[in-house]
Amino acid sequence: MTIMPVIIMIFVFVPTIVLMVSMPYLTRETISFGVTVSAVQFHSEPLRQMRKSYARISATLHTMLFIVCIICLIYGDEHSKQQSWIIVTYSLAMVVISLVINISYYFKMKSLLPMLPIAQESSIMAVDTGFGKRNIGLSNNWFLIHVLIIVVSIVTVLLNYDKIPDQIPIHYNSSWNVDRYADKSYGFVFMATIIQVFITLLFIFENWSIRRVKQQVHPTDPNRSIRQNVTFRRTWSYFMITASFLLVILFSVVQLNMISLLNINFAIPIILFIIAFIILYAFALSFWAGQGGSRLERSADYSNIRPVHDDDKWLLGIIYFNRKDPKLIVEKRFGVGWGLNFGHPVSWLILLGIIVLLVAVTRLRG
């Protein structure tokens, strides 16, 4: 038995649980559990109680699941694949629980909406005509640094390929001792490089999308909502560049350790620091800005205007499906960040690419 898996679980999953529990408080004041409302309705007593109820139930279930997982890790066999399967099972269970809670509260919100104070429907839609000219985020040219690191890693591996042992360590137990090996091959040695390339392309796409996602401007206070949105996108663009850079470094460290060019005692602290930093960075940004910058420049003057809405395009308030909308990326209704428009054919190609990559990596590891 070792305490290290427990420490990793705490660093990785506790911030994630806090974010899940806090989601109703991070969304826009015009969205409640995936349903469009006015700010007056959002701050009404019934919805305040719903948010408290959601947080209480979500915190209880996720805490119970987390404790069960920790107990299983402590008493599990650290010299087998058991601990890996415990973490994978826990992750899937956490997602399922979150989805069930979100969907149930979406239907509660739909049934409660007619009983809330009546809100006026907005007859106008505000648009920021100068949005494209604003300094929203960092240029994708910053990703050239990522490319340089990947190239250096490839050259380093090729120059030292003959020195790589015939048996490559691919798995460590909780005491950081190797318990599984794989035969040396170009495919396996460069598996980390494939992941680095995929991560870089994915974050380039994300950073590009930040500038092009449809902006939501509130007609009753357009200037404040524009400032909120610009700040929100700019700070998350910084996050995309920083997080992707650190992940590229992480997989270079993994690769060098895997081929015995870097000591495990040096690699592990770097890997743990990078993972913890990225998670805490995202955590801090989410609570500081909220969705779309809704937690920035908050006002006590609540409007009773319900914005122009497209609730019928959102399946269960979570999945956006609109074939008529040319935008591939849209702002999430529940949570912080952006998601795909599943009515756009490119979104399915992106999902297919992710599945193909996962299958390829699994086959290489097998």
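Counting the residues of region 110-121 that are open to solvent by less than 70 Å² (accessible area, probe 1.4 Å) and not in a helix (DSSP H, G or I) gives 3. The criterion of at least 3 residues that are open to solvent by 50 Å² or more (accessible area, probe 1.4 Å) is met, among helices (runs of 4 or more DSSP H) falling completely within region 1-109, by 4-26, 45-75.
There is no residue in region 271-283 that is open to solvent by 60 Å² or more (accessible area, probe 1.4 Å) and of a type in the set (Gly, Ala, Ser).
Going by the structure shown, is Pro165 closer than 30 Å to Gln82 by Cα, at pLDDT 70 or above and in a loop (DSSP other than H, G, I, E, B)?
Values: closer than 30 Å to Gln82 by Cα: yes; at pLDDT 70 or above: yes; in a loop (DSSP other than H, G, I, E, B): yes.
Yes; evaluated as a whole, the condition is true for this residue.
The values are calculated or read from the model by the stated rules, or taken from the named source; none is laboratory data. It should be emphasised that the depicted structure is a prediction, and the values quoted were computed from it without experimental measurement. Surface areas here come from the heavy atoms of the whole protein model, side chains and all, with no ligands, DNA or RNA. Shrake-Rupley method; radii C 1.70, N 1.55, O 1.52, S 1.80 Å.
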